[in-house]
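The values are calculated or read from the model by the stated rules, or taken from the named source; none is laboratory data. Because the structure is a prediction, the values reported are computed rather than measured. Using ideal geometry, Cβ is built from the backbone for each residue, glycine included, and neighbour counts are taken over all protein chains shown. Areas reflect the complete protein model, heavy atoms only, side chains present, ligands, DNA and RNA absent. Shrake-Rupley method; radii C 1.70, N 1.55, O 1.52, S 1.80 Å.
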Amino acid sequence: MEKPVKKKARRVSMPSANMISKIAISVAFVAIVWLFWSMGEEVNVGGKDIVIRDRAQAVEVVGELQKTLEQVTRERDTYRQQVIMMERSFQIDREVAKTLREELKALQSERHKWREETALVKKLLSDNTIDTALDIKSIEVVPSEIIGEYHFEIAVSRLPDSDKPVKAELHYELIGNESGLERRYLSSDVDLKAKEGYQLEFRTLERVQGHFMHPPAFELEKIRFFIEGKGDKIQGAEKDFVPTVAETAMN
């Protein structure tokens, strides 16, 4: 009598963790179809060999597969949430680093300014011939729609602070070239308001606004501003402003 040939077990591998992102509802549907087709045969579910003998057992096995699928789905969602949190943390770290770099740059600029002012005050204290120092703090120059015309605003200050006003005079000169030759124009040549210079009187800080117009053939390269005090023991200052290519192109 021939011995019954034992059918080779068919193995249905469970989805692994590294395939989490590929799991979908279709997996459960395929598993159901496979189990019903395998009725009476030995299958491998979760590492165990099980013979599917009837519909009820098939439903039970499908339930186990569904639980496994749900567990794997939860693990996938947890992993996805961790990835999102890591990405957000990385973005926050980048933003914090950027803010710190900007703050550091501002602090370095502030430190440089205070070093200059401290050195100036020390010089005043050590030099009996000077008791007030003038300074040009900032310069802003903007071209207008008219060729050769510019508007400017300058902030000037004095050290040390005092309740007694200081008198000063602001001038400037335009440096550039005309017809291939170096050319300079004084503020009195291009600014009707500055024929005698800008007359100032201030205690701590003063802002000066004005405008000038140079000849169309003149190519502006640099503006040199200088302030001079009226009286004894007052140290003047000068500062250059170089327009950008875009600013000169607009004019």
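Looking across the stretch 194-210, the residues that are in contact (Cβ under 8 Å) with a residue 40 or more places away in the chain and polar (S, T, N, Q) come down to Thr204, Gln209. Please go through the stretch 112-145 and give me each residue that is modelled with pLDDT of 90 or more and either in contact with a His (Cβ under 7 Å, 6 or more places away or on another chain) or not charged (D, E, K, R) (or both), ordered by number. Within the stretch 112-145, Leu134, Ile136, Ser138, Ile139, Val141, Val142, Pro143, Ser144 qualify.
Within the stretch 176-186, the residues that satisfy the criterion of being in contact (Cβ under 8 Å) with a residue 12 or more places away in the chain and surrounded by 12 or more Cβ atoms within 10 Å (Cβ to Cβ) are Gly176, Asn177, Glu178, Arg183, Tyr185, Leu186.
Residues checked against (1) at pLDDT 90 or above; (2) in a strand (DSSP E or B); (3) among the acidic types (Asp, Glu); (4) open to solvent by 40 Å² or more (accessible area, probe 1.4 Å):
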{"position": "Ala168", "(1), (2), (3), (4)": "yes, yes, no, no"}
{"position": "Ser188", "(1), (2), (3), (4)": "yes, no, no, no"}
{"position": "Val208", "(1), (2), (3), (4)": "yes, yes, no, no"}
{"position": "Glu228", "(1), (2), (3), (4)": "yes, yes, yes, yes"}
{"position": "Glu238", "(1), (2), (3), (4)": "yes, yes, yes, yes"}
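For first residues located in the stretch 153-175 and over 14 Å from Ala194 (Cβ atoms) and in contact (Cβ under 8 Å) with a residue 40 or more places away in the chain, partners that are hydrophobic (A, V, I, L, M, F, W, C) and in a strand (DSSP E or B) and lie 6+ apart or on another chain with Cβ distances below 6 Å form the pairs Val156/Ile136; Val156/Ile227; Ser157/Leu205; Arg158/Leu134; Arg158/Val166; Leu159/Ala133. The set of residues in the stretch 218-238 being among the hydrophobic types (A, V, I, L, M, F, W, C) and under 13 Å from Tyr185 (Cα atoms) consists of Phe218, Leu220, Ile223, Phe225. Screening Phe152, Phe212 for residues that are hydrophobic (A, V, I, L, M, F, W, C), in a strand (DSSP E or B) and under 20 Å from Gly236 (Cβ atoms) leaves exactly one candidate, Phe152.
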